[in-house]
1. Can you go through Thr27, Thr109 and tell me which one is within 17 Å of Ala125 (Cα to Cα) and touching a residue at least 60 places away in the same chain (Cβ under 8 Å)?
2. Do the conditions hold for Ala72, that is, is it within 16 Å of the ligand (Cβ to nearest atom) and in contact with a helix residue (DSSP H, G or I) (Cβ under 9 Å, 6 or more places away or on another chain)?
3. Does the stretch 101-108 contain at least one residue that is over 18 Å from Ile43 (Cβ atoms) and not in a loop (DSSP other than H, G, I, E, B)?
4. Of everything in the stretch 9-42, what is assigned to a loop (DSSP other than H, G, I, E, B) and within 15 Å of Ser166 (Cα to Cα)? Give them in sequence order.
5. Of the residues in the stretch 115-172, how many are of a type in the set (Asp, Glu) and in a strand (DSSP E or B)?
Amino acid sequence: MIYMLDTANLDAIKKAVDLYPIVGVTTNPTIIAKENRPLRDIILDIREIIGPDRMLHAQVVSDNADVMLEEAKALRKLDSEIIVKVPVTPQGIKAMKLISAEGIRITATAILTPQQALMAAMAGAEFLAPYVNRLDNICGDGTQVAAEMAHLIDVYQLDAKVLAASFKNVQQVHEVAKAGYSRSQSHRMYLTNCWFIR
Ligand code: G3P
């Protein structure tokens, strides 16, 4: 299991990287917008703080696969090691096929069902991000979805990892961490959020 941060706040990233075993930072358009600075500057600053070895994820904003591909290429120009986040819409799945063909690493994001995750993994996504709290908020079971995803990865021997996201409390983090261990036995359950620096 690994921990990643889900923030673009430079002070929070500095603090967490100093204190905790953080292996990467994920961002999304909402998180970036909160900083009131250009995406380019934020990405370059985060990379400077986290160094060359930690992962950095940034998301495309278009709803069209061909434009998402161009965005992914532009992000890679900015940071050669960037991992591009793509939502699991039909155009997003198409974009994953195109982006992975370019050799760019992908996180499939905004996942609400295990079937979306499976489809994204088949399309070339390396990380699969279920929105745990958003599922819990609509009377779903975020932990169960994350656990089923880990199970499917194991059953079909997919080269993908669950990157559970959208946590709002430590109990959710704990439940997903337990699910990753007990169900998949594969250490493929990763957690992203900044709950511990709030
Ligand atoms: O960045 C992905 C995810 O963690 C967003 O979570 O539900 O707080 O918008 P949320």
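1. Of the residues listed, the single one that is within 17 Å of Ala125 (Cα to Cα) and touching a residue at least 60 places away in the same chain (Cβ under 8 Å) is Thr109.
2. Numbers: within 16 Å of the ligand (Cβ to nearest atom): no; in contact with a helix residue (DSSP H, G or I) (Cβ under 9 Å, 6 or more places away or on another chain): yes.
So Ala72 does not fit the description; no.
3. Yes, the stretch 101-108 contains at least one residue that is over 18 Å from Ile43 (Cβ atoms) and not in a loop (DSSP other than H, G, I, E, B).
4. From the stretch 9-42, those assigned to a loop (DSSP other than H, G, I, E, B) are 9, 20-21, 27-28, 34-38; that's our starting set.
Of everything in the stretch 9-42, those that are assigned to a loop (DSSP other than H, G, I, E, B) and within 15 Å of Ser166 (Cα to Cα) turn out to be Thr27, Asn28.
5. Just the residues of the stretch 115-172 that are of a type in the set (Asp, Glu), to begin with: 126, 136, 141, 148, 154, 159.
Cutting the leftovers down to in a strand (DSSP E or B) gives us none.
The number of residues fulfilling the criteria is 0.
The numbers here are math on the coordinates, done by the rules we state, and not lab data. Quick caveat, the model's predicted, so the values are computed rather than measured. Methodologically, a virtual Cβ is constructed for each residue, glycine included, from the backbone with ideal geometry; neighbour enumeration extends over all protein chains shown.
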